[in-house]
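See below for the structure under consideration.
The values are calculated or read from the model by the stated rules, or taken from the named source; none is laboratory data. The shown structure was predicted, so the numbers you read here are calculated from the model rather than taken from an experiment. Glycine gets a Cβ as well: all are built from the backbone with ideal geometry, and neighbour counts include every protein chain shown. With ligands, DNA and RNA removed, areas are computed over all heavy atoms of the protein, side chains included. Shrake-Rupley method; radii C 1.70, N 1.55, O 1.52, S 1.80 Å.
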Amino acid sequence: MIFSTLPLENAAAHIATKIARGCKDHKSVVWLVSGGSCIPPQVAIMAQLQQVLSPDELTALTILPVDERYGHQGHAASNSEQMRTAGFSPAPACWIDILGRNLPWEQTLLEYKNSSTHALARADVVLATLGMGPDGHTAGILPRSPAVTDTVSFAIGYSWSDYERMTLGISMLLQIDHAWVLAYGESKEEAIERLQKNTEPMEKLPAKLLYDLPDVTVYNDYIQS
């Protein structure tokens, strides 16, 4: 794992270059995207991809949410809707909105599992832009939640104090080939330090799972490898 204090704008440009290279080199690329503070840089990354890749090259790219808040398509708390509102418009890449069919909870979770399983099974490379919360969570895997103890399920749904949450499970996230964590801001300092020390169990620090991925760069304001 590499820790980098590269400024956010430069980090986004670097990630865009890496994703573009993946689309040029492979027939099928999966890009897992996060919500929250990752949304603005992901919008910038997508804009750069559309500048440097041809429409044919962009069709190699499938975009999936690494987690989502359940509800009708377009509800204000939805990660996908917040990305659309921020200007994320990836056509002609394939962007899978797991809320797009407005299915009941169990069917939406099954759709999420099936869509992600199919996409990752045929992918030549799996890329991810991930966030990390002040509590040490990443994706929708919150401390002491059902998602942090379930190491088998590909997609997990659970009720929490804030939302009905859906997330790719740890077993699915471990298929990521290259991950870039965007964890800027004063509220992330303690979590970054905890991640670097790596002394806590995963139940308390879910982002610890990043150590099991083959290639991870953690962009932040505080620690430089």
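Tabulated data for the structure shown
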{"item": "Assigned charges on the beta-carbon of Lys, Arg, Asp, Glu; the stretch 121-180 dipole about Cα centre (debye)", "result": "60"}
{"item": "Cα pair distances of the stretch 11-123 binned at 10 Å [whole percent]", "result": "14, 46, 33, 7"}
{"item": "Rounded Å value of the spacing that divides the Cα centres of the stretch 1-78 and the stretch 172-198", "result": "17"}
{"item": "Å² of accessible area per residue within the stretch 1-77, as computed with a 1.4 Å probe and no ligands counted", "result": "42"}
{"item": "Amide H partners (placed H, <5 Å) of GLU164, local residues excluded", "result": "TYR70"}
{"item": "Angstrom value of the Kirkwood radius, inverse mean 1/r, which spans all Cα pairs in the stretch 44-191", "result": "16.2"}
{"item": "Value of [θ]222 nm, deg cm²/dmol, for the chain, DSSP H segments ≥ 4, -39500 (n - 2.57) each, nearest 500", "result": "-10500 deg cm²/dmol"}
{"item": "Antiparallel bridge percentage (DSSP; both residues within the chain; nearest 5)", "result": "30"}
{"item": "Given charges at beta-carbon only (K, R positive; D, E negative), |dipole| of the chain in Debye", "result": "280"}
{"item": "Under 26 Å, Cα to Cα: Lys pairs in the chain, sequence gap 8 or more or different chains", "result": "10"}
{"item": "Accessible area per residue in Å² at 1.4 Å probe, computed on the stretch 94-195", "result": "42"}
{"item": "Residue (of GLY131, MET83, MET172) at the positive-pole extreme of the chain, dipole from beta-carbon charges", "result": "MET172"}
{"item": "Dipole magnitude (debye, nearest 20) for the stretch 11-84, charges at Cβ of Lys, Arg, Asp, Glu", "result": "140"}
{"item": "Percent accessible area from carbon and sulfur atoms, the stretch 18-63, protein chains only, probe 1.4 Å", "result": "51"}
{"item": "For peptides 141-147, 40-46, sequence by mean Cβ density within 10 Å, most packed first", "result": "40-46, 141-147"}
